[in-house]
Amino acid sequence: MSRIAATFEALKAQNRKALIPYVTAGFPYADITPELMHSMVAGGADVIELGVPFSDPSADGPVIQKAGDKALAMGIGLVQVLAMVQQFRQKDSKTPVVLMGYANPIEAYDLKRGKDSFVRDASAAGVDGVLVVDYPPEECVAFAATLRSHAMDLIFLLAPTSTSERMAQIAGVASGYVYYVSLKGVTGSGALDLGAVEAMLPRIREHVSVPVGVGFGIRDAATATAISRVADAVVIGTRIIQLLDGQPREQAAAVVRDFLAGIRQALDESTAPAKRA
């Protein structure tokens, strides 16, 4: 069982929902990421999504694009991201880490170092899952199998426009969890439509047996709690990047920890058994 699957199983047994924060590796300071990851765990994160900076993202809105551009300008690439995970693992052997990004950096990594080098090195660094935005399920069956052979999961995005056929295709190769994008558009765009999410999740679960996380549009405890009533996990990215932007280095970790602690408290209170009068 992967570390991600074990985490979701433990949360389910406790009637709790997963909190999955996202941060772009190398933002806002080149060497701060492992520290931020630990602060996320201290704030109540169950899984961490770590964005791999890429020059031409297709799903990221302007806030995360700006963060990626800043990280790239500081020389942060996939090699550095794996080193960050490895550093994080020196103190945390439990919290799952998912790399979120695009095909180009992975394929460039393998082209330079040999076939399956990325999977081998990611596993050695302590990565638990990979979400590759532009890998369609029909083209990565072998990649998914290679990841699973190293106890890593391949995670996919689902969208409001995903058809039943697409969901079935993804169900055939996905593991760990699936990430439902609650909005049409890029990260940070639009307002969350809870009714649409509530209507979509039963459709997804008809095809997908792994947990379902929901992201895009979750900005605070209220929206996180509302989503947690129908989803297995809430994913928060853009709001964290906004909080970090311009933050002094010595305050950045505490800001993230305190923000997530408020979300964690709200999630746990929403699932706690009602007290008898």
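Could you tell me which residue of segment 42-58 is nearest to R113 (Cα to Cα), considering only residues that are of a type outside the set (D, E) and surrounded by fewer than 19 Cβ atoms within 10 Å (Cβ to Cβ)? Explain how you work it out, then say what you get.
Within segment 42-58, the first condition is being of a type outside the set (D, E), and the residues that meet it are 42-45, 47-48, 50-55, 57-58.
Cutting the leftovers down to surrounded by fewer than 19 Cβ atoms within 10 Å (Cβ to Cβ) gives us 42, 44, 55, 58.
Working: A42: 36, G44: 36, S55: 21, S58: 26 Å.
Among those that are of a type outside the set (D, E) and surrounded by fewer than 19 Cβ atoms within 10 Å (Cβ to Cβ), it is S55.
Among the candidates A103, A67, A73, A108, single out the residue that is surrounded by 15 or more Cβ atoms within 10 Å (Cβ to Cβ) and over 24 Å from A174 (Cβ atoms).
Within the list A103, A67, A73, A108, the selection yields A67.
In segment 212-227, is there at least one residue being closer than 19 Å to E9 by Cβ, modelled with pLDDT under 95 and not hydrophobic (A, V, I, L, M, F, W, C)?
Looking through segment 212-227, none of the residues is closer than 19 Å to E9 by Cβ, modelled with pLDDT under 95 and not hydrophobic (A, V, I, L, M, F, W, C).
Name the single residue, out of those in segment 188-211 being assigned to a loop (DSSP other than H, G, I, E, B) and farther than 18 Å from Y135 by Cβ, that is modelled with the highest pLDDT.
Among those residues, the one meeting the criterion is P211.
Which residue pairs have Cβ atoms closer than 8 Å, lie 6 or more positions apart in sequence or on different chains, and pair a first residue in segment 18-30 that is under 20 Å from V212 (Cα atoms) with a second residue that is basic (K, R) and not in a loop (DSSP other than H, G, I, E, B)?
Filtered contacts from segment 18-30: L19/R264.
Out of the helices (runs of 4 or more DSSP H) lying entirely within segment 68-146, which hold 1 or more residues that are closer than 19 Å to I241 by Cβ and over 18 Å from the mean Cα position of the chain (by Cα)?
78-89
Filter segment 87-119 down to the residues that are charged (D, E, K, R) and without any contact (Cβ under 8 Å) to a residue 24 or more places away in the chain and list them by number.
E107, D110, K112, R113, K115
Just give me the residues in segment 122-136 being surrounded by fewer than 19 Cβ atoms within 10 Å (Cβ to Cβ) and not hydroxyl-bearing (S, T, Y), in sequence order.
Of everything in segment 122-136, those that are surrounded by fewer than 19 Cβ atoms within 10 Å (Cβ to Cβ) and not hydroxyl-bearing (S, T, Y) turn out to be A124, A125, V133, D134, P136.
The values are calculated or read from the model by the stated rules, or taken from the named source; none is laboratory data. Quantities reported herein were computed from a predicted structural model and do not represent experimental measurements. Cβ sites come from the backbone with ideal geometry, for glycine too, and all protein chains shown count toward neighbours.
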